Ligand SMILES: NC(=O)c1ccc[n+]([C@@H]2O[C@H](COP(=O)([O-])OP(=O)(O)OC[C@H]3O[C@@H](n4cnc5c(N)ncnc54)[C@H](O)[C@@H]3O)[C@@H](O)[C@H]2O)c1
């Protein structure tokens with residue numbers, strides 16, 4: 001439904017890889033709510049060509065940027081401001097990549113060079129994005145920045161591996177930079193902690209199918225979909241949430257505060273018989 005919640009607002013969406021991506025769905029919702037967009041992803045992801053379909057649908061230019069490269073980010077913010085004819089109102093950071101997971105390394109046998117890269121892509125990149133915008137004064141007062149995270153930052157999910165540490169760092173940067181940007185320009189920065197979702201990044205986690213079923217049974221409302229996550233992002237980019245900042249916001253159907261559910265107890269009982 002179009003409420004025009006983002007009419008007149010301009011935003012950069014990082015991380016739309018294909019139709020399953022949370023960023024893809026968020027771009028569609030932002031467009032539906034009246035926002036003007038710039039889409040960006042790593043040059044290697046752009047070469048797959050899928051993003052052009054989204055660009056057509058939301059009438060947005062695509063500007064390549066590797067989030068670990070400060071020159072790329074500077075160019076992205078310069079070009080985006082040219083496109084918009086002014087500053088930016090919101091940013092979605094929807095980026096994650098684990099080299100140790102991808103290469104099948106167990107957490108206890110972590111390769112530290114790969115780990116550095118994982119932390120840079122998945123967590124420090126938020127600092128890099130914010131720092132670039134800060135140096136260029138590229139975000140309007142009362143702007144809103146959202147990064148996507150997962151509850152493995154607070155609780156142990158063994159197969160999430162080094163990404164748990166990356167998400168903990170991402171959430172910490174959200175608070176720390178959120179403080180400074182709040183004081184300086186009333187800009188708010190939050191993370192949304194999303195249910196497990198079938199996407200390219202999500203499916204990289206070992207045992208993902210069993211895991212998503214478990215989360216579904218453990219959540220009173222069931223797992224939150226990517227589309228609902230996109231809706232939540234829209235509300236966080238809108239002026240209806242102006243005083244929410246430095247928070248980790250669970251969007252998980254109640255999973256995070258459920259100790260055990262009747263559905264899980266029942267399934268354990270069945271496996272005992
Ligand atoms: N899928 C889930 O279960 C789930 C749950 C909670 C949080 N999240 C988070 O949501 C976010 C989006 O992931 P998704 O599930 O939509 O998967 P996705 O694979 O569609 O998106 C991940 C994106 O990160 C981009 N990326 C990787 N390296 C990059 C780099 N160097 N520079 C720029 N971009 C780069 C990829 O190109 C891709 O577009 C991630 O932060 C992920 O951790 C996902």
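Output the residues belonging to region 145-173 that are more than 12 Å from the ligand (Cβ to nearest atom) and within 13 Å of the chain's Cα centre (by Cα).
145
If a residue counts only when it is without any contact (Cβ under 8 Å) to a residue 40 or more places away in the chain and touching a strand residue (DSSP E or B) at 6+ places or on another chain (Cβ under 6 Å), which helices (runs of 4 or more DSSP H) contained entirely in region 3-61 have at least 3 such residues?
In region 3-61, the matching helices (runs of 4 or more DSSP H) lie at 51-58.
Anything in region 72-111 that is out of contact with any strand residue (DSSP E or B) (no Cβ under 6 Å at 6 or more places or on another chain), within 26 Å of residue 27 (Cβ to Cβ) and in a loop (DSSP other than H, G, I, E, B)? List them, or say none.
85, 86, 96, 97, 98
Which residue, of 134, 142, is in a strand (DSSP E or B), at pLDDT 95 or above and under 30 Å from residue 250 (Cβ atoms)?
Exactly one residue qualifies, and that residue is 142.
Check off (1) assigned to a loop (DSSP other than H, G, I, E, B); (2) out of contact with any strand residue (DSSP E or B) (no Cβ under 7 Å at 6 or more places or on another chain) for residue 117 and give me the number that stays unchecked.
(1)
Among the residues of region 37-49, which ones are within 19 Å of the chain's Cα centre (by Cα) and more than 8 Å from the ligand (Cβ to nearest atom)?
Correct list: 37, 38, 39, 43, 46.
Can residue 113 be described as free of Cβ contacts under 8 Å to residues at least 12 places away in the same chain and under 25 Å from residue 196 (Cβ atoms)?
no
How many residues does region 150-191 contain that are part of a helix (DSSP H, G or I) and under 28 Å from residue 212 (Cα atoms)?
Qualifying residue count, region 150-191: 18.
Go through the residues of region 243-253 one by one and say whether even a single one is in contact with a helix residue (DSSP H, G or I) (Cβ under 9 Å, 6 or more places away or on another chain), crowded, with 16+ Cβ neighbours inside 10 Å and assigned to a helix (DSSP H, G or I).
So far as region 243-253 goes, no, none of its residues is in contact with a helix residue (DSSP H, G or I) (Cβ under 9 Å, 6 or more places away or on another chain), crowded, with 16+ Cβ neighbours inside 10 Å and assigned to a helix (DSSP H, G or I).
Going by the structure shown, is residue 68 farther than 28 Å from residue 225 by Cβ and loosely packed, with under 14 Cβ neighbours inside 10 Å?
no
Assess whether residue 123 counts as being buried (at least 24 other Cβ atoms within 10 Å of the Cβ), modelled with pLDDT of 95 or more and out of contact with any strand residue (DSSP E or B) (no Cβ under 7 Å at 6 or more places or on another chain).
Against the criterion (buried (at least 24 other Cβ atoms within 10 Å of the Cβ), modelled with pLDDT of 95 or more and out of contact with any strand residue (DSSP E or B) (no Cβ under 7 Å at 6 or more places or on another chain)), residue 123 qualifies.
The values are calculated or read from the model by the stated rules, or taken from the named source; none is laboratory data. What you are looking at is a predicted structure, and each value in this text was computed from that prediction instead of being measured. Using ideal geometry, Cβ is built from the backbone for each residue, glycine included, and neighbour counts are taken over all protein chains shown.
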